[in-house]
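See below for the structure under consideration.
Read-outs throughout are calculated quantities, based only on the coordinates presented, and are distinct from any laboratory measurement. Remember, it's a predicted structure, so these values are computed and weren't measured experimentally. With ideal geometry, Cβ positions are generated from the backbone for all residues, glycine too; neighbour counts draw on all protein chains shown.
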Amino acid sequence: MTDNDDLQGLAGEYVLGTLPLDERTAVAQRLANEPALREAIDAWEQRLLPLTALAPPQEPSSQLWPRISASLFTPEKVRQAGGWQAWWNNLAFWRILAGGGLTAALALAVTLTLQTQDTTGPGYLVVLVAPQDKAAGWIVQAGSRGGRDLSLIPLGSTSVPQQKALQFWTKGKDWGAPVSLGLVQPGQTVKMNLDKLPPLQAEQLFEITLEPATGSPTGRPTGPVLYIGRAVKVM
């Protein structure tokens, strides 16, 4: 097989969805720097898209709709689960949300955050996504005391190489440089306050970078950006 055959085979499996998760992730990360791979994937998508019209419509079974209805987040189920805060703190819920894509995650997260606000002042939400494939990796919630208390909530676990660490940063619109909010552990929720920083503002930047084990030696981000997002005012 030629290199082009290998490329076409990889692109075809990517579009068909038959690659293992780790290989699919690796391909997604390559797309930003490999135009030939992007073109091959686009060609396969265009080639296979007409085939979807050949599949006849299927009538859902009588058992399917009750199962869908039973899975919805109805007000009664929310109350039985302990209120909106219970859903907000449910890690499995957020992982499902992340699998549904950034748009769904942001829309539902905003809804939940609006329901959990019980203090004066605006609340803010940030969905931190991977720059390569826009997969949601963390949620930042800042609602208590007008956005002064902040929670960083993981949607999964991030693989960190040895002698490396994840460092959390933020930068306001008129700030000269990002400010470190400290090191964070993969898969662990972090709660902190922003009392020493200016008030949180819409569009404020948050990001997580890969740094040396003890953190950035310069006080500025030095490693690659793993997750990034901007604050949205939700109340």
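Assorted remarks:
- Out-of-range pairs (alpha-carbon distance over 19 Å; input Lys173/Lys233; Lys171/Lys233; Lys171/Lys196; Lys164/Lys191): Lys164/Lys191
- Computed from backbone phi with θ = phi - 60° and the Karplus coefficients 6.51, -1.76 and 1.60, the 3J(HN,Hα) list for segment 219-231 is x, 10, x, 10, x, x, 7, 8, 9, 8, x, 10, 6 Hz; x is used for glycine and proline.
- Residue-wise HN-Hα couplings along segment 27-43, as the Karplus relation 6.51 cos²θ - 1.76 cosθ + 1.60 with θ = phi - 60° gives them from phi, are 5, 4, 6, 7, 4, 5, 10, 10, x, 5, 5, 4, 5, 5, 5, 4, 5 Hz; Gly and Pro carry x.
- The amide H of Trp138, built 1.01 Å from its N in the peptide plane, has Leu128, Leu155 as neighbours under 5 Å, considering only residues 5 or more places off or on other chains.
- Taking 7 Å steps out from each Cα toward its Cβ at Ala213 and Ala177 produces label points 2.5 nm apart.
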